[in-house]
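Notes follow the structure.
The values are calculated or read from the model by the stated rules, or taken from the named source; none is laboratory data. As the structure is a computational prediction, the values presented were derived from the model and not from experiment. Glycine also receives a Cβ, built like all others from the backbone with ideal geometry; neighbour counts cover every protein chain displayed. Each accessible area value is taken on the protein alone, full model and side chains, heavy atoms only, with ligands, DNA and RNA left out. Shrake-Rupley method; radii C 1.70, N 1.55, O 1.52, S 1.80 Å.
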Amino acid sequence: MDLVIVGASLAGVRTAQALRRKGFDGRITLVGAEPHLPYDRPPLSKDFLLGKTDSAALTLLTAEQAEDLGLELRLGEPATALDRAARRVRLSGGDAVPYDILVAATGSTPRTPPVELPGVHVLRTIDDAVAVRDALAGGPRVAVVGGGFIGAEVACAARALGLETTLVDSAPTLMTRGLGPVLGEAMAARHRALGVALRMGRTVREARGSSRVEELVLDDGSVVAADLVVAGIGAEPAVGWLDGAGLDLTDGVGCDALLRATGAEDVYAVGDVASWRSTRYGGPVRVEHWTAAGEQAMAVAATITGTPTAFDSLPYVWSDQAGARLQIFGRVMPGDEVVFVLGGPEEERFAAITGGAGRLHAVVAFGALAEAMRYRTLLLRGAEWVPGLGVPRA
Ligand SMILES: Cc1cc2nc3c(=O)[nH]c(=O)nc-3n(C[C@H](O)[C@H](O)[C@H](O)COP(=O)(O)OP(=O)(O)OC[C@H]3O[C@@H](n4cnc5c(N)ncnc54)[C@H](O)[C@@H]3O)c2cc1C
């Protein structure tokens, strides 16, 4: 049995490891676009930028571990096409690797800003992170474009290094998509307290500079001086290599609840690239969360080794900002009511729950682990939401 995993990062590595743990004894080939051994991404926008951790500490799989697991690594060779009829994956070097089972684990690719000036960066790979870290060491004025999780983390790292930092986003608050407006504003308050100059509700009209970036011009004509620009403007599922393969690529690889590609018995997807039928949310869901990537890998390995396992974990994402950990269990839905259960929107630590339509939807905690865990239990139980109160008092 030949099993090919395309994407040699968190979801791909965890799938290979779980398959071996569950006794899969076929051949496993792990194909990766990047030349590096698989590594972990979350520290890239946190401690790595501050020089508190190095690349060796990020390794997810050493060459020795790959050998012990009997994995064939094809690194630095992106898959370029999939021939489902012939069951072969074509690699950039021209090889066509045969498979009986294929696992797509190609993650997501950052959206790039429409400007190519030295000093303008994105942050997805270790090479990106090294470039940003080196640039930060020069003491630049930093502009972050995009107030999502990664942009917000980069802004905090820049402030921790004492650098003049501006963050620009068209949304009214930070991380609005994940937090909603009330909790996004609570996090914006933490950033202001840290000294990040927030330019919310603004877009970048132009990046200017002669030989490298010098300033951003915003849509209101104002100018942000910047020697380093980091764009955190979202990511797209990496599915270009699957074009023409007859899969549902509406938003990543469309899958059933078992993470099996719709209409393809021998193709699975895991991690950021997978969009699965969630019974919890009653439709297709795709997340870009570290925890889900590992959990999906375990579910797929179980299914492949004979125990069909639907994936439907409670979504969880964390982010380290302004000296504390932000944690979100569940999903904040548009229009959700927010009830603070610890602290308040201007306080250094807080926890809040959100809900609507009679259900608790999410718990959002900032530096409040115990509260997060307490309400996570209620979320898992499917607790009721009482308008104005949150969850019913015990
Ligand atoms: C800077 C940063 C910070 C983050 N911080 C957090 C955090 O604090 N908390 C959290 O929950 N999540 C965080 N995340 C998200 C988390 O890292 C991802 O959800 C996780 O990496 C997903 O794993 P993955 O294996 O699905 O995808 P990826 O990690 O994106 O890996 C996909 C791999 O596939 C490769 N690939 C792509 N196309 C091809 C191809 N055609 N052929 C072969 N290989 C290919 C890519 O090069 C990549 O190595 C962060 C992400 C980044 C970038």
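Can you spot a residue in the range 43-53 that is in a loop (DSSP other than H, G, I, E, B) and farther than 30 Å from L163 by Cα?
no
Would you mind telling me which numbered condition in (1) under 30 Å from L136 (Cα atoms); (2) open to solvent by 40 Å² or more (accessible area, probe 1.4 Å); (3) within 14 Å of the ligand (Cβ to nearest atom); (4) not small (G, A, S) K52 fails?
Tallying (1) under 30 Å from L136 (Cα atoms); (2) open to solvent by 40 Å² or more (accessible area, probe 1.4 Å); (3) within 14 Å of the ligand (Cβ to nearest atom); (4) not small (G, A, S), K52 fails exactly one: (3).
Considering each residue of the range 90-106, count those that are surrounded by fewer than 24 Cβ atoms within 10 Å (Cβ to Cβ) and either within 12 Å of the ligand (Cβ to nearest atom) or over 14 Å from I28 (Cα atoms) (or both), and give that number.
The total comes to 8.
Please specify each residue of the range 239-248 satisfying the condition of being aliphatic (A, V, I, L, M) and either outside the structural domain of A105 (by TED's automatic domain parsing) or away from the ligand (no atom under 13 Å from the Cβ) (or both).
Just the residues of the range 239-248 that are aliphatic (A, V, I, L, M), to begin with: 239, 242, 245, 247.
Within the range 239-248, just L247 meets the criteria.
State which residue pairs qualify: first residue open to solvent by less than 90 Å² (accessible area, probe 1.4 Å) and inside the range 372-394, second residue aromatic (F, W, Y) in any location, beta carbons under 6 Å apart, and separation of 6 or more residues or different chains.
R376/F329; L379/F329
Where the second residue is open to solvent by 40 Å² or more (accessible area, probe 1.4 Å) and of a type in the set (V, I, T) and the first is more than 15 Å from L242 (Cα to Cα) and lies in the range 88-110, which pairs have Cβ atoms under 8 Å and are six or more apart or on separate chains?
Listed by first residue and then by second, the contacts come to P110/I233.
Determine the pairs where a residue that is at pLDDT below 95, located within the range 274-292, has a partner that is part of a loop (DSSP other than H, G, I, E, B) and open to solvent by 10 Å² or more (accessible area, probe 1.4 Å) with Cβ atoms under 7 Å apart, the partner being 6 or more residues away or on another chain.
That search, which allows pairs on different chains as well, returns T279/A257; T279/D312; R280/D312.
Just to be sure, is L247 in contact with a helix residue (DSSP H, G or I) (Cβ under 6 Å, 6 or more places away or on another chain) and surrounded by fewer than 24 Cβ atoms within 10 Å (Cβ to Cβ)?
In short, no.
Which members of the range 257-291 meet the condition of being within 7 Å of the ligand (Cβ to nearest atom) and within 13 Å of F311 (Cα to Cα)?
Here is the first cut: in the range 257-291, the ones within 7 Å of the ligand (Cβ to nearest atom) are 270-273, 288-291.
The answer is V270, G271, T291.
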